[in-house]
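Below is one structure, written out as C-alpha cells; the observations come after it.
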Amino acid sequence: MFFTNPVILDPGVIIMTINEGDFIKISYTGKLEDGTIFDTTNEEVAKVHNVYNSNGRYGGDVIIIGVNQMITGLEEDIKEHEVGYKGTVTIPPEKAFGDRDPKLLRDLPLRRLEQKPQVGMMVQFEGKQAKVLKVMGRHARLDFNSPMAGQMITYDYKIEAMLEELKEKAVGLSALYMAQEMDIEIDGTVAKVNVPLEFNYSQHWLNTKAQLALDMLKYTELTEVLYVETYTEELLKPDSEEQEQSEAEESDESESDEPEDSEELEEPGEE
C-alpha cells in the first residue's frame, strides 16, 4: 500500500499531498468545448442540464489515485495539488477521451438493431452504445466513438477529502460500484458487507460483486471480504399494497380469459 505524506508548513497547519494509492473524494463538473455539461456530481446541476440519472449517486465520488479510475489529464492535475484544492483544468483529447477513430464507424442493417434508428439518437448494439449518424435505406451508420472523443474537456473540481479509515475506503468503493453506500462492518482486516435484499434482482450486482471484493483486497489492508445476505419473514413478506395490486391484476387476467357471450346466429333462411 501507498501512504499519504503530510507536509507541515507552519506549526499546526498540515497539508495533505496526493500520492499513488490514496483514496480521495472529489466533486466535479465536466464540460465540452461548447460549454455543454456531460457529467457532474452536483445533483441540481445535473437536473438543470438534463444529465440527471435517477439511479446515480451525487455529492462526490471516491477515487483511488493511480489505478485508472479517471481520465489521465484529470488525475495528473489532481496529483499536483492537495486536499481542499478547488480549480479548473482543460484537458486535450489525448489525455481525455482520445481522438476520434474512423474504424469505430459501422454500417449495420436495420434488422440487427432493437430500436428503429433516427439520426442523432443513441442505440445499444452488442452491449456497446453508439450514435446514429445516418439512416440509408435498410442500413444505419453508427458511431461507436465516445461522444467526448476528439474534444478538449474542462473540469471544474474540488478535492474534498482524503479517506484514511479502512471502513471509509470500503464504503467509498461500494458507492463507486453500486451508486450507494453499503452497510459494511470491519473486524480487524475482515469486512462484512451486508447485501441489501433487492440486490438479489440486480444483474449489475451479480456482475460487480467479485470486482468490488478484489479492489477492496487489492487497494486496502483488508484480507477477507464476506458478503452477508440476511433474510427474515418480515423482509420477505410482500408489501400489502403490492400484494393487493398483484391480486387485482390476477383477477383482471382471469376475467379476460373467460369467453365472451357470442351473439345468437340467425338460422339460415331467417331475415
message: If I filter region 182-193 for residues that are closer than 20 Å to Q69 by Cα and not in a loop (DSSP other than H, G, I, E, B), do I get at least one hit?
response: no
- prompt: Of the residues E253, E266, E244, which is open to solvent by 100 Å² or more (accessible area, probe 1.4 Å), at pLDDT below 60 and assigned to a loop (DSSP other than H, G, I, E, B)?
  reply: E266
query: Could you give every pair whose Cβ atoms fall below 9 Å, whose first residue belongs to region 100-127 and is under 14 Å from D143 (Cβ atoms), and whose second residue is modelled with pLDDT of 90 or more and open to solvent by 100 Å² or more (accessible area, probe 1.4 Å), counting only separations of at least 6 or pairs across chains?
result: F125/R112
Selected residue [at pLDDT 95 or above and more than 30 Å from E198 (Cβ to Cβ)] from G87, G12, G21, G35: G87
task: Say whether the condition of being open to solvent by 60 Å² or more (accessible area, probe 1.4 Å), part of a helix (DSSP H, G or I) and at pLDDT 95 or above is met by at least one residue in region 145-165.
output: no
query: Within region 46-93, restricting attention to residues that are open to solvent by less than 40 Å² (accessible area, probe 1.4 Å) and in a helix (DSSP H, G or I), which residue is nearest to I153 (Cα to Cα)?
result: P93
- prompt: Restricting attention to region 110-123, does a residue exist that is among the basic types (K, R) and outside any loop (DSSP other than H, G, I, E, B)?
  reply: yes
- prompt: Of the residues that sit in region 30-45 and are in contact with a His (Cβ under 9 Å, 6 or more places away or on another chain) and not in a loop (DSSP other than H, G, I, E, B), which one is most open to solvent (accessible area, probe 1.4 Å)?
  reply: F38
- request: Answer yes or no: is there a residue in region 196-218 that is in a strand (DSSP E or B), at pLDDT 95 or above and either in contact with a Pro (Cβ under 7 Å, 6 or more places away or on another chain) or open to solvent by less than 20 Å² (accessible area, probe 1.4 Å) (or both).
  value: no
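The values are calculated or read from the model by the stated rules, or taken from the named source; none is laboratory data. Please read all numbers here as calculations on a predicted model, not as lab measurements. With ideal geometry, Cβ positions are generated from the backbone for all residues, glycine too; neighbour counts draw on all protein chains shown. SASA here: full protein model, heavy atoms, side chains in, ligands and nucleic acids out. Shrake-Rupley method; radii C 1.70, N 1.55, O 1.52, S 1.80 Å.
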